[in-house]
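The structure appears below as structure tokens.
The values are calculated or read from the model by the stated rules, or taken from the named source; none is laboratory data. Remember, predicted model here, so these are calculated numbers, not experimental data. Cβ: placed from backbone, ideal geometry, glycine included. Neighbour counts: every protein chain shown. In case anyone asks, the SASA skips ligands and DNA or RNA and just uses the protein heavy atoms, side chains included. Shrake-Rupley method; radii C 1.70, N 1.55, O 1.52, S 1.80 Å.
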Amino acid sequence: MPLTDVLELNKTELFAKIRDGLPVVQRTQNLLDCKDDLLFAWDSKESCLLVRNWRSSLAAEVNVQFQTLIPSSMVSLEVDRVLASNEGSLVALSGPRGVTVMELPRRWGTDGYYKDGKARVTCRTYSLDTQLFLNNPHLEVRQVRWHPHSVSDSTLLVLLNNNTIRVYNHSKLRHVWQVGPSILRSGTNSSLCDFGEVAVDFDIAPAGKSRDTEPGTGGENETTLDKSNKTLMAAKSLPKQERIEWPVVVLRENGNIYILMTGLDSDKTRLQGPITITPQARDNYGLESCAVMIIPSLPPTLVIAESNGKLHHALLMEAESSEHSFNEVDDFVLIEPAEYVIHVLETVELELGLTASGAAAGGESYNCPVYLKRDLINELRYFAYHNAGLHAVTVNFISELQRYLDSESEDDRLELAACSRAEYILCTKFDSSDAVNAVFGLALLQIPAGVVLLLGSGQVVSLKLVIDAQLLVTPNEKKQTGADVSQQETGPSFVDTIKSLLQRSVNQPILADKLSSPSAQESYELLNQAIEVLREQYLKRHDLVRAAFARHINQINLKKEQQKQEIQDLEQERELISERAHKLAERFEEISYNQELLVRKCNALMQKANASLPNSVVAEREFSQEVGRLNKVTQSMAAGLEDAKKTLNKQRYHIAKSQEDLKKNAYELPEKQHRTITEILTQLTGEIDRQITDVKRINKIVGV
């Protein structure tokens, strides 16, 4: 398995088919996209979309075939961007002269293919505003993004070079948002392009509650009637529920940033800007800005890219008070006071190609548009791809912000000391010639994490990505309450020391094949540069780490010997303490026994002394005699009670025995005799009762 193609995509039929129809012009495009386990690739030769299950290709001995999604209507535009929707139900095919949306069919079957693995599937396709582009030959598409809050997963935002964002839902145009002055190539505003007033990119920030404020009119001259009327109008216009607005961050070529406040289904928009950027700089943080991206942290992180390789990392924060702006370019664009402010924390400069010879000779550095793409697995990382390769940038201060927000300590301080790290993963330009090997496609894979790149030379690079170590921290390592105190006492840990020693400012990227082979001089310079990077950034740091390990091992051995000696001393002390404890236990038992004897003797002596006192009272003597007599009587009664119990037990035994004998010798009369006797006794009883009644009656008569 090649190290630069872990998925072995270069051997697949899919990329062999795409390789035959790659564009001739070498400029950065994105003809690849990935959604879940499907990898989409655009075939420019046959104008169709190819799809492959990349996750199934990881399994051994599994023959994975690709499917061809054929558009229902002919796609005549030159596609340079493939963008799948958030839920993977639609795919936007964008080019400079239009946008086409393709509806993806349903998936079923064992491997989850479209229409159970059918090789060729026709998909419904519709173009957006075809007549608009035909009537305006200078109109171009700058950026295309799916709205993150679309319920039907079908809301598409398209930025055009006339400073408008057109909102589509499926094939219908819903809104047209003006984000800047109207630019007409043939009109009076044709010079606006020279001042960089054209919007080049946009991104959508996290939503927030609407903060509509009534403009203050009248000031001190406002009467009570006016105030009451305004209150009544405001009460009537109150919505039943709070309106949610999405800040759309718009970047212009001159580096100015505007924010368009709007809802998803609202025609009413509020344009704010240019947003104040702090701290101030002479170049306004980029006169050749080309891309912008929002990382949804708290507060949101804003990334601004320039064509010279500079990346500005900033925080988009709410302003304490709204700032008024002005617009001298177009009177028809209403700009409201800005509710946000941008604070730049750091600037990262990318190395666009390995052109050491040109830099050494004082030549101009290579410039090209830089495109940004978020990493959905690691929110601290994003990717920057361009004509010279691919960079992975890690924004470290986002984790510091998250830790500060999660901390419950009031004494915790926010210190954004960790600098961001830019790693050059793939280099496609390693000489001073004008020939480039641009990135034609970039797709990010998930679970397992990886990246797939399609280069202009037709080569496919597939690499595995390592999730950032900060996301793999164990729960025990997250508890930093006592760790900070111990770190202040013992200094930085050995792991942190090794990480700092291995931290590189420049790395050796993967070198991709070029369209034309370099000369011998260029190859020699490239080899010298690679050797220098390996010596300074790899081997030298490994030597420092080896020396650090040697020192650490010596310290550990010294501590080990010292701890062994301390353990021996403690063992001896434990034996001495054990012997002393045994002796003390024996001595304690002896003293306790002697103390009990002494207490008994003292009690006896006290009784004798009290009994032989000469001043004893007669009552006390009589009481003692009475107590003695009662004691004797009690003893005799107890003896008599015991004898009575014994006699009672004997009698119970004899009674029980006699009852058993009676039961054995009992005579039972026959039933007839028993009935006769019962009847006689009943008659006698009745006769006796009658005689008793007569006697009582006679006594009552006689008066006795």
From Val25, Val62, grab the single residue that is at pLDDT below 85, surrounded by fewer than 12 Cβ atoms within 10 Å (Cβ to Cβ), closer than 30 Å to Leu352 by Cα and of a type in the set (Val, Ile, Thr). Val25
All but one of (1) in a strand (DSSP E or B); (2) charged (D, E, K, R); (3) at pLDDT below 90 hold for Glu328; which doesn't? (1)
Quick one: which residue in Ser76, Ser57, Ser127 is among the hydroxyl-bearing types (Ser, Thr, Tyr) and part of a loop (DSSP other than H, G, I, E, B)? Ser76
Of (1) in contact with a Ser or Thr (Cβ under 9 Å, 6 or more places away or on another chain); (2) open to solvent by 40 Å² or more (accessible area, probe 1.4 Å), Val79 satisfies every one except (2)
Does any residue of region 128-135 turn out to be surrounded by 16 or more Cβ atoms within 10 Å (Cβ to Cβ), on the phi > 0 side of the Ramachandran plot and either hydrophobic (A, V, I, L, M, F, W, C) or more than 34 Å from the chain's Cα centre (by Cα) (or both)? yes
Kindly evaluate Ser228 against the criterion of being modelled with pLDDT under 80 and in a loop (DSSP other than H, G, I, E, B). no
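Matching residues to (1) on the phi < 0 side of the Ramachandran plot; (2) touching a Phe, Trp or Tyr at 6+ places or on another chain (Cβ under 9 Å); (3) at pLDDT below 90; (4) of a type in the set (Val, Ile, Thr):
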| site | (1), (2), (3), (4) |
| --- | --- |
| Met102 | yes, yes, no, no |
| Gly109 | no, no, yes, no |
| Gly117 | no, no, yes, no |
| Cys123 | yes, yes, no, no |
| Gln143 | yes, yes, no, no |
| Arg166 | yes, yes, no, no |
| Asn169 | yes, no, no, no |
| Val176 | yes, no, no, yes |
| Thr188 | yes, no, yes, yes |
Only one residue in Val545, Val599, Val533 is assigned to a helix (DSSP H, G or I), at pLDDT 85 or above and farther than 26 Å from Ser493 by Cβ, so which one is that? Val599
So how many residues does region 96-124 have that are over 35 Å from the mean Cα position of the chain (by Cα) and part of a strand (DSSP E or B)? 5
The number of residues in region 11-35 that are of a type in the set (S, T, N, Q) and farther than 23 Å from Ala84 by Cβ is 1
What about Gln563, is it out of contact with any Leu (no Cβ under 8 Å at 6 or more places or on another chain), at pLDDT below 90, within 30 Å of Ile498 (Cβ to Cβ) and assigned to a helix (DSSP H, G or I)? no
Between a first residue in region 156-184 that is among the aliphatic types (A, V, I, L, M) and a second residue that is open to solvent by 50 Å² or more (accessible area, probe 1.4 Å) and part of a strand (DSSP E or B), which pairs have beta carbons less than 7 Å apart while being 6 or more apart in sequence or on different chains? Leu157/Arg145; Leu159/Arg142; Leu160/Arg142; Val167/Arg174
Looking at Ser409, is it over 30 Å from Leu527 (Cβ atoms) and among the hydroxyl-bearing types (Ser, Thr, Tyr)? yes
Picking from Ala581, Ala638, which residue would you name as being in a helix (DSSP H, G or I) and either within 60 Å of the chain's Cα centre (by Cα) or touching a residue at least 24 places away in the same chain (Cβ under 8 Å) (or both)? Ala581
If I ask for residues that are within 22 Å of the chain's Cα centre (by Cα) and surrounded by fewer than 21 Cβ atoms within 10 Å (Cβ to Cβ), which ones from region 415-453 would you list? Glu415, Leu416, Ala418, Cys419, Ser420, Arg421, Leu444, Gln446, Ile447, Pro448, Ala449, Gly450
Which listed residue is touching a Gly at 6+ places or on another chain (Cβ under 8 Å) and farther than 30 Å from Gly208 by Cβ, from Val75, Val79, Val141: Val79
Answer yes or no as to whether Ser73 is open to solvent by 10 Å² or more (accessible area, probe 1.4 Å) and under 30 Å from Lys429 (Cα atoms). no
By residue number, the members of region 382-406 that are more than 30 Å from Ser432 (Cα to Cα) and open to solvent by less than 40 Å² (accessible area, probe 1.4 Å) are Val395, Asn396, Phe397, Ile398, Ser399, Leu401
